[in-house]
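Here's the structure, in structure tokens; my notes come after.
None of the figures in this text is laboratory data; all of them are computed from the coordinates on show. The shown structure was predicted, so the numbers you read here are calculated from the model rather than taken from an experiment. Note that each Cβ is placed from the backbone with ideal geometry, even for glycine, and that neighbours are counted across all protein chains shown.
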Amino acid sequence: MHQTKSHLLHGIGGDETEWQRFVNVGALMDNLIADKNALPMIVVMPNGRAQKDDRANAGMGAAPAFAKSERDLLDDVIPTIESRFAARGERESRALAGLSMGAGQTLNFGLTQLGTFAWLGAFSAAPNTKAPAELVPDPVAAQKQLKLLMLTCGYKDGLFNISQGLHVHLKERNVPHIWHVDGNGHDPTHWGSSLYAFAQKAFR
Ligand code: FER
């Protein structure tokens, strides 16, 4: 059977190993699937920094490389995974989610590529997130095409206003979304519980 597929994007200090250092992604997914609380899915955790040295040592200087990696994701990562694994290739079978810089990427790439992704999760979105009006140029199209848009943030997160600002913008334009605030800061506890919530809603 061909599977649905989630792409999970890391933060500014991370790389393709970061999600699995913060959260036991394999065990979390296995348990959710075993209990029928999530549908089986392939989870892809790529490096989100398109530059020659893609290690996590460039700090804030890497922000342009996070933007550039949109083409890596669309032109290389997705076609490669869909040709090598039994992954379905329609928008309803693709999710994109991420933490912090990866949440910004999720919103920047996902909301403007609704033909590619139908399920989006942005956890603790960072300042790379584009302005709400740029992200949602056509609220009616977003209403029609989005299967899930989950925004989460801890209220102790110094970047809270970014997620909240998008939530308010979406609400004013009647774009359905989940806005989930918890008591965490900008931390792995928040990202683990956000993934736990997102995985249960994705693809159904
Ligand atoms: C910034 C503050 C935080 C910023 C990026 C971040 C590009 C990202 C944080 C993270 O990914 O954890 O001003 O600018």
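Among the GluC sites (Glu not before Pro) found in segment 19-110, those both in a DSSP coil and sparsely packed, with 16 or fewer other Cβ atoms within 10 Å of their Cβ, are GLU90.
Applying the criteria of a DSSP loop state and at most 15 other Cβ atoms within 10 Å to the trypsin sites (Lys or Arg not before Pro) of segment 145-186 yields LYS156, ARG173. The mean of 1/r over all distinct Cα pairs in the chain, once inverted, gives the Kirkwood hydrodynamic radius of 16.7 Å. Note on ALA141 and VAL181: the model spin-label points, each 7 Å out from Cα along the C-beta direction, lie 3.1 nm apart. Among the chymotrypsin sites (Phe, Trp or Tyr not before Pro) within segment 85-150, those in coil by DSSP and having at most 15 neighbouring Cβ atoms inside 10 Å are PHE85. For the cross-link pairs LYS36/LYS144; LYS5/LYS68; LYS5/LYS201, the ones whose C-alpha atoms lie over 19 Å apart are LYS36/LYS144; LYS5/LYS68. Segment 55-118 and segment 146-200 have Cα centres separated by 18 Å. Between ASP35 and ARG71, take the C-beta separation as r, use R0 = 45 Å, and let me know the FRET efficiency to the nearest 0.05. Efficiency computed from Cβ-Cβ geometry: 0.75. Just so you know, the Rg over Rh for segment 122-190 is 0.98, from Cα atoms, with Rh as the Kirkwood radius.
If only the Cβ of Lys and Arg carry +1 and only the Cβ of Asp and Glu carry -1, the dipole of the chain around its Cα centre is close to 380 debye.
For segment 45-115, what is one quarter of the convex hull surface built on the Cα atoms, given in nm²?
5.0 nm²
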